[in-house]
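J.: My questions will all concern the structure given below.
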Amino acid sequence: MPRNRIVPIAALCLLAAPLTACGGTSAASDEKVVTVYSADGLKGENGDGWYDRIFKDFEKETGIKVEYVEGGSGEVVQRTVREKSNTQADVLVTLPPFIQQADGKGLLQKYTPAGSDQVDGADKAADGTWTSVVNNYFGFVYNKKELKQAPTTWEELLDAEYKNKIQYSTPGVAGDGTAVLIKAMHDFGGEKPAMDYLRRLQSNNVGPSASTGKLAPKVDKGELLVANGDVQMNFAQAKSMPNLAIWFPATGTGRPTTFALPYAAGLVTDAPHSENAKKLLDFMLSRKAQQQVSEIGGGFSARQDTKATDANAIALTKLMDGVEVFQPDWADIDKNLTSYVDEWKEATGS
């Protein structure tokens, strides 16, 4: 879900695709920097996101500047692959199944950040190559001003009123786009019925989008009625987008479902500033930073011993009430992702 930007914390240098380095001295030549490649969602549009706060606090505490490169979940992994012979990234943050993909490609080295013992075993690698830093859940958004009644099921999205008013990000490129496939296969009971549904949905779909983050503004403006997203990003966006509301599709008369889609971070193999990267990973999982996840970022703390009680945390708990959370088979998805994406392309003509 890329917005394709590089944001040195001091200058907030915004660039268009493709991902490139911000002008001037490279991070690799400055020992007081750490370079983060990350999926989007944790940085605020107006400098008010979780990343904005913790990067600023980290620099103040350590003197280490954060060079920030943002892209789609799959895109940041592929960029790291391309740079293996000349590694630029120190920390990689992306969503499942792309964090597993990065691990499988040898892009991550073992490091156990302070505080990671408080992260649930399902939210970190058994071999210590990555750990979740912000917990999150997959979801959809709708325009609560334009729609008289909130949608509740997948089937409703096939109705004529949604013609050219639905869009979801590209599976295999965007983490949340890939999540559409994962949820559909779970909810419809397998790959074939899920692809059959997505084939039918295509008549209402505007078309693929490389960026999930850009869909919510379109929903808020009424250009779209429904789009995919995730709870953390959309909850944060809703602060400045009054028509945005989060929902979780169900099938038929079933319960709404979702699954955990955490932001997972790892130390990049042959990182040029590995010691700085370790300090940043420790900082991300510190009690203070984790306490700010809901308060500032609109997400869920990755640490089990951090219980937020701020207004956002209370609202997030209420939002998840009654929603069934299932556990995807990430090993299967990592192994078969290419074939699932190929089937989606064939089904939708994308």
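J.: Using the Cα centre as the reference, give the magnitude of the dipole from point charges on the C-beta atoms of the chain (Lys, Arg: +1; Asp, Glu: -1; all else neutral), rounded to the nearest 20 debye.
T.: Result for the chain is approximately 620 debye, rounded to the nearest 20.
J.: Let me ask you something else. Once the mean 1/r over all distinct Cα pairs of the chain is inverted, what Kirkwood radius in angstroms do you read off?
T.: One decimal place: 20.2 Å for the Kirkwood radius.
J.: Taking the highest mean first, how do the peptides 250-258, 232-240, 32-40 order by number of other beta carbon atoms within 10 angstrom per residue?
T.: Top to bottom by mean Cβ count within 10 Å: 32-40, 232-240, 250-258.
J.: Please tell me which of these pairs span more than 20 angstrom C-alpha to C-alpha: LYS43/LYS307; LYS60/LYS279; LYS43/LYS239; LYS60/LYS307; LYS192/LYS335; LYS145/LYS239?
T.: Table pairs above 20 Å Cα-Cα are LYS43/LYS307; LYS60/LYS307.
J.: Mind pulling the angle between the C-alpha long axis of helix 274-284 and the longest principal axis of the chain? Nearest 10 degrees, somewhere in 0 to 90.
T.: That works out to roughly 50 degrees.
J.: Moving on. Under a straight-distance cross-link criterion of Cα-Cα below 18 Å, which aspartates and glutamates are reachable from LYS124, leaving out those fewer than 8 residues away in the same chain?
T.: Of all the aspartates and glutamates, those that pass the test against LYS124 - Cα under 18 Å, at least 8 places apart if same chain - are ASP103, ASP282, ASP305, ASP329, ASP332, ASP334.
J.: Less than 12 Å apart at the alpha-carbon level, and either on another chain or at least 8 residues along: which aspartates and glutamates does that give for LYS56?
T.: Partners found: ASP48, GLU67.
J.: Taking the alpha-carbon distance from LYS218 and a cut-off under 18 Å, which aspartates and glutamates remain once sequence neighbours fewer than 8 residues away in the same chain are dropped?
T.: Leaving aside aspartates and glutamates fewer than 8 places away in the same chain, those within reach of LYS218 are ASP40, GLU45, GLU146, GLU161, ASP176, ASP230.
J.: Okay, moving on. Rounded, prolate or oblate: which one fits the stretch 144-294, using the alpha carbon gyration tensor with axes a ≥ b ≥ c (rounded when a/c is under 1.5, else prolate when a/b beats b/c, else oblate)?
T.: Prolate shape, in that a/c is at least 1.5 and a/b is the bigger ratio.
J.: Rounded if a/c is under 1.5, else prolate if a/b beats b/c, else oblate: with a ≥ b ≥ c from the C-alpha gyration tensor eigenvalues square-rooted, which is the stretch 171-215?
T.: oblate
J.: May I ask you to order 96-107, 115-126, 70-81 by the average number of other C-beta atoms within 10 Å around their residues, highest value first?
T.: Those peptides, ordered most packed to least, come out 70-81, 96-107, 115-126.
J.: Sort 307-314, 222-229, 150-157 by the packing proxy (mean of other Cβ within 10 Å over each peptide's residues), most packed first.
T.: Ranked by mean Cβ neighbours within 10 Å, highest first: 222-229, 150-157, 307-314.
J.: Can you tell me the length gained on complete extension of the stretch GLU275 to GLU156, counting 0.36 nm per residue apart and subtracting the Cα distance?
T.: 37.7 nm
J.: Positive end of the charge dipole of the stretch 99-158 (Lys, Arg +1 and Asp, Glu -1 on Cβ, about the Cα centre): tell me which of TYR142, GLN100, ALA122 has its Cα farthest that way.
T.: Checking the options against the dipole of the stretch 99-158, the answer is TYR142.
J.: Just list whichever of LYS105/LYS214; LYS65/LYS288; LYS165/LYS288; LYS65/LYS221 have alpha carbons separated by over 31 Å in the model shown.
T.: LYS165/LYS288; LYS65/LYS221
J.: Helix-only mean residue ellipticity at 222 nm, the chain, DSSP H runs n ≥ 4 weighted -39,500 (n - 2.57), per residue, nearest 500. What is it?
T.: After summing the helix terms and dividing by residue count, I get -10000 deg cm²/dmol.
J.: First check a/c for the stretch 233-322, with a ≥ b ≥ c the square roots of the eigenvalues of its C-alpha gyration tensor; if it is under 1.5, answer rounded, and if not, answer prolate when a/b is larger than b/c or oblate otherwise.
T.: prolate
J.: On to the next question. Expressed as an acute angle from 0 to 90° and rounded to the nearest 10, what is the orientation of the C-alpha long axis of helix 191-201 relative to the principal long axis of the chain?
T.: For 191-201 against the chain, the angle is about 70 degrees.
Computed from the coordinates by the stated procedures, all read-outs in this text should not be read as laboratory data. Here the structure is a predicted model, which means the values were calculated and not measured. Using ideal geometry, Cβ is built from the backbone for each residue, glycine included, and neighbour counts are taken over all protein chains shown.
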